[in-house]
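What follows is one structure encoded as structure tokens, with my remarks underneath.
Every number here is computed from the coordinates shown, using simple stated rules; none is lab data. Bear in mind that the values here come from a model prediction, so they are computed numbers and not experimental data. Because the Cβ atoms are built from the backbone with ideal geometry, glycine has one as well, and the counts that use them run over all protein chains shown.
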């Protein structure tokens, strides 16, 4: 009996030794910390990357400022996709990134108005001005300017239009631009200023109208990608893939401009 058990254990050990290392110890999936403004586009890019390479990445979405804070606090991210290069520069100075990364997208700000709202989708914000005067707007959604680049640019655009003082008490602030878009569509606000790429997403476009705000009204929305310390080969491959022709085509389809275009 003991001899039989010994032969069984030996056989199991030999089988285990034949299992490829990749199956015995599954590869860790890299985590990409990304601004919420790229949610839908980045999901498509990540899917395309997995189809082409066989490797997946996990997306963690939020405001650029909050994600940068999490990185400084030790969050196990491999790649940071920020909607503002300043957050990348701060992390570089703190020694959290491999280098300064690369600009990979240019975002646009849009006025989004849910169907049935008394507010018109007017990128000049002329109707918003009139609606503030005649009481048609009770609530208006933007991302929190404290830590969300699209919220910061929304404030800049509203200041440029001379509407900030009139609207600031009516603002509903989202933790990120994705949440601001949800607020604008939920019935809690008559409209909002969000990322154009979000406004174009089918789930949102079916429920609202959108109009681009002049880019000269705010600082550029230059999205930057950077590898964090400890990023593995798959994270590096995804970083490179962001600039591939296939990824660039997907980003364009979602309404982003691209460096070099």
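Hey, how many Å between the Cα centroid of region 33-70 and the Cα centroid of region 216-257?
Using only Cα atoms to place each centre, the spacing works out to 9 Å.
Eigenvalues of the Cα gyration tensor times 5, then square-rooted: what semi-axes does that give for the chain, in whole angstrom, largest first? Before the final figure, lay out the partial values.
On the way: eigenvalues 398, 73, 55 Å².
Taking √(5λ) for each eigenvalue gives 45, 19, 17 Å, largest first.
When DSSP assigns beta bridges and you keep just the ones with both residues in region 108-217, what percent turn out antiparallel, to the nearest 5? Provide the component values of the computation, followed by the final result.
Values: 9 of 15 bridges.
Of the beta bridges lying entirely in region 108-217, close to 60 percent run antiparallel.
Taking every DSSP beta bridge with both residues inside the chain, roughly what % is antiparallel (nearest 5)?
60
Go through 34-42, 234-242, 93-101 and give me the packing order, highest mean Cβ count within 10 Å leading.
Result, highest mean Cβ count within 10 Å first: 34-42, 234-242, 93-101.
List the relative contact order of the chain as a percent without decimals, with contacts defined as Cα pairs under 8 Å and 6+ residues apart.
Relative contact order comes out at 27 percent.
Find the relative contact order for region 123-261 and round it to a whole percent, using C-alpha pairs within less than 8 Å whose residues are 6+ positions apart.
24
Kindly provide the helix-only [θ] at 222 nm of the chain, computed as the sum of -39,500 (n - 2.57) over DSSP H runs of four or more divided by all residues, to the nearest 500 deg cm²/dmol?
Mean residue ellipticity at 222 nm (helix-derived): -12500 deg cm²/dmol.
Please determine, in degrees from 0 to 90 and to the nearest 10, the orientation of helix 149-160 with respect to the longest principal axis defined by the Cα atoms of the chain, where the helix direction is its Cα long axis.
Orientation of helix 149-160: about 10 degrees from the principal axis.
Hey, how many Å between the Cα centroid of region 166-204 and the Cα centroid of region 99-113?
17
Using the beta-carbon distance between residue 58 and residue 138 and R0 = 51 Å, what value does 1/(1 + (r/R0)^6) give for FRET efficiency, to the nearest 0.05? Provide the component values of the computation, followed by the final result.
Details: r = 39 Å, r/R0 = 0.76.
Efficiency computed from Cβ-Cβ geometry: 0.85.
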